[in-house]
Amino acid sequence: MKNITALILAAGKSSRFWPLNTRHKSLFKIMGRPLIWYTLEGLRRAGINDIIIVQGKQKDVETELKPFSFFGMRIKYIVQAEPKGMGNAMWQARAYLKTSFLVLNAERIDAGEILKKTKIIAAGKAPALLGQKTNNSELYGIFRLKGNRALEIIEKPQKGKAPSDIRVVGIYWLEPKFFQYYAKVKKETYDFEMALSEYMRAVTVRVTILDRKNGEILSLKYPWHLFKFEKYLFDRELKPHISKTAKIAKSAAIEGRVYVGERTRIMENAAIKGPCYIGNDCLVGNNALIRDYADLENGAVVGANGELTHSVFQEDVHCHSGFFGDSIFDRNCRVGAGTVTANVRLDRGRIKPYIDKEKTDSGLDSLGAIVGEEAHIGIHTSFMPGILVGANCVIGSSTVVRENVPENTLLYSEFTQQSKRRK
């Protein structure tokens with residue numbers, strides 16, 4: 001592939017990703033690696049080795065990637081001091097972009113696959129963009145098109161007012177000339193899209209439409225979108241493996257594609273039914289059941305009689321007995337025995353969580369709890385479907401959680417206990 005630099009953006013606030021947004025969403029781990037690792041690996045496979053990563057002032061992306069090796073890749077880190085949007089993030093890197101360059105978000109784990117399928121770079125010269133048909137135009141930037149030429153991008157148009165049904169796919173092949181147009185627009189939330197529209201009026205920008213037969217392009221706007229990312233990676237990357245240092249009881253059952261990491265213990269009568277990933281130093285207790293796209297990151301614990309299905313536990317999440325279905329728990333959560341995450345409505349309808357006080361259609365019929373890091377949850381707690389819990393919360397025992405819980409909240413139920421002498 002041509003000698004092109006990829007500019008990866010990893011500094012945004014990701015407010016819609018709450019309650020998992022205490023760090024950049026591309027640092028969420030699946031199968032032991034942050035999402036941005038898969039983005040970089042995809043680019044490497046596509047022949048792109050010059051990388052610039054724009055990260056936040058805490059430099060957490062650089063810290064998370066430090067243990068990993070990227071042979072042949074040249075990675076430069078740049079800091080965006082404040083999260084002022086995509087255009088501002090790009091602006092920080094302008095001095096290093098002297099020839100045409102790709103722009104993509106850090107969680108674009110399918111970038112390499114997209115570049116190979118579309119041959120966007122091999123097919124011509126910059127500038128060029130990617131699009132795909134959508135039935136949910138109100139969620140995306142939408143192209144105004146003339147043939148295969150982009151004329152304008154309308155950001156999140158109201159239903160019925162979209163100029164087309166072609167959404168912007170987050171990979172842009174641009175020229176340094178773009179920054180001349182960005183310098184002139186008013187700086188606000190969507191100044192990148194404004195500058196891009198000005199750029200389109202002055203320069204012919206072709207759009208390649210991705211065929212939906214190959215699957216809908218991944219998008220990580222809301223936390224439950226992680227399930228699609230997990231499935232994408234499991235289906236392509238998960239290989240069966242049991243570490244030599246893992247200790248597995250003779251009565252434990254392992255079926256299908258299952259990865260078991262180093263020093264992990266799987267106790268008597270536990271059952272693992274793949275596809276599943278269990279990282280290093282994990283514990284799966286007696287009679288526990290782990291099944292169907294479950295991901296346990298390093299140090300996670302599922303206690304005796306616990307059931308985990310289609311769920312993701314980040315590092316050092318510990319739970320005892322209970323049911324965890326279609327749920328996500330961020331790092332260092334502690335969950336008491338008997339906890340249940342309800343994941344299906346009684347009427348089997350769509351689950352619509354609240355994001356920023358607005359009911360949002362998840363598009364899912366099954367969705368459990370999504371819990372931020374460092375939460376502590378007491379025994380026999382029950383979560384209604386689609387509940388979101390902020391970081392650093394404490395939820396008292398026997399509480400039924402019916403609404404979202406803001407971060408740093410103590411939530412508990414008060415019961416009146418009666419004691420009388422028997423006659």
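Using Cβ point charges alone (K and R +1, D and E -1), the dipole size of the chain about the Cα centre works out to roughly 800 debye.
Can you figure out the FRET efficiency of Lys187 with Arg16, using R₀ = 25 Å and their beta-carbon distance, to the nearest 0.05? Efficiency for this residue pair is about 0.70. Annotation: amide H-H contacts under 5 Å for Ile242 (H modelled 1.01 Å from N, sequence separation of 5 or more, or interchain): Val260.
For the pair Ala81 and Arg345 in one chain, pulling the backbone fully straight at 0.36 nm per residue adds 90.7 nm over the alpha carbon distance.
Here, the range 5-221 is characterised by an Rg to Rh ratio of 0.93, where Rg is the alpha-carbon radius of gyration and Rh the Kirkwood radius. Please identify which residues in the range 278-297 have an amide N closer than 12 Å to a label point set 7 Å out from the Cα of Ser243, following the Cα→Cβ vector. Counting only backbone N, you get 278-283, 297.
The alpha carbon radius of gyration of the range 239-411, expressed as a multiple of 2.2 N^0.38 Å, is 1.01. Given their separation in residues at 0.36 nm each and the Cα-Cα distance between them, Ser398 and Ser69 gain 113.8 nm when the chain is fully extended. A Cβ-based charge dipole, computed about the Cα centre of the range 11-71 with Lys and Arg at +1 and Asp and Glu at -1, lands at about 220 debye.
The slack between Val203 and Met384, meaning 0.36 nm per residue of separation minus the straight C-alpha distance, is 60.0 nm. By the beta-carbon count within 10 Å of each Cβ, the least crowded to most crowded order of Tyr293, Tyr259, fewest first, is Tyr293, Tyr259. Between Glu268 and Gln58, the FRET efficiency from the beta-carbon distance, with R0 = 60 Å, is close to 0.85. Long hydrophobic helices in the chain, taken as whole DSSP H segments with a C-alpha length of 15 Å or more on their own axis and mean Kyte-Doolittle hydropathy at least -1.0: 35-45, 191-202, 226-237. Backbone N atoms of the range 334-351 closer than 18 Å to the 7 Å Cα→Cβ label point of Phe415 belong to residues 336-341. Considering only Cα-Cα distances, which of the following residue pairs are longer than 21 Å: Lys84/Lys117; Lys228/Lys352; Lys159/Lys359; Lys25/Lys125? In this structure, Lys84/Lys117; Lys25/Lys125 exceed 21 Å between Cα atoms. Computed from the C-beta positions of Arg236 and Asp292, the FRET efficiency with R₀ = 22 Å rounds to 0.80. Residues of the range 191-210 with backbone nitrogen within less than 16 Å of a virtual label 7 Å along the Cα-to-Cβ line of Glu155, please, listed as ranges. Only 191-200 pass the distance filter.
Among Thr39, Pro83, Gly170, whose Cα projects farthest towards the positive end of the dipole of the range 5-221, with charges put on the beta-carbon of Lys, Arg (+1) and Asp, Glu (-1)? Of Thr39, Pro83, Gly170, it is Gly170.
Considering all C-alpha pairs of the chain, those separated by over 38 Å amount to 27%.
No value in this document is a laboratory result; all are computed from the given coordinates. For clarity, every value in this text was computed on a predicted model and none was experimentally measured. All Cβ positions, glycine included, derive from the backbone under ideal geometry; neighbour counts span all protein chains shown.
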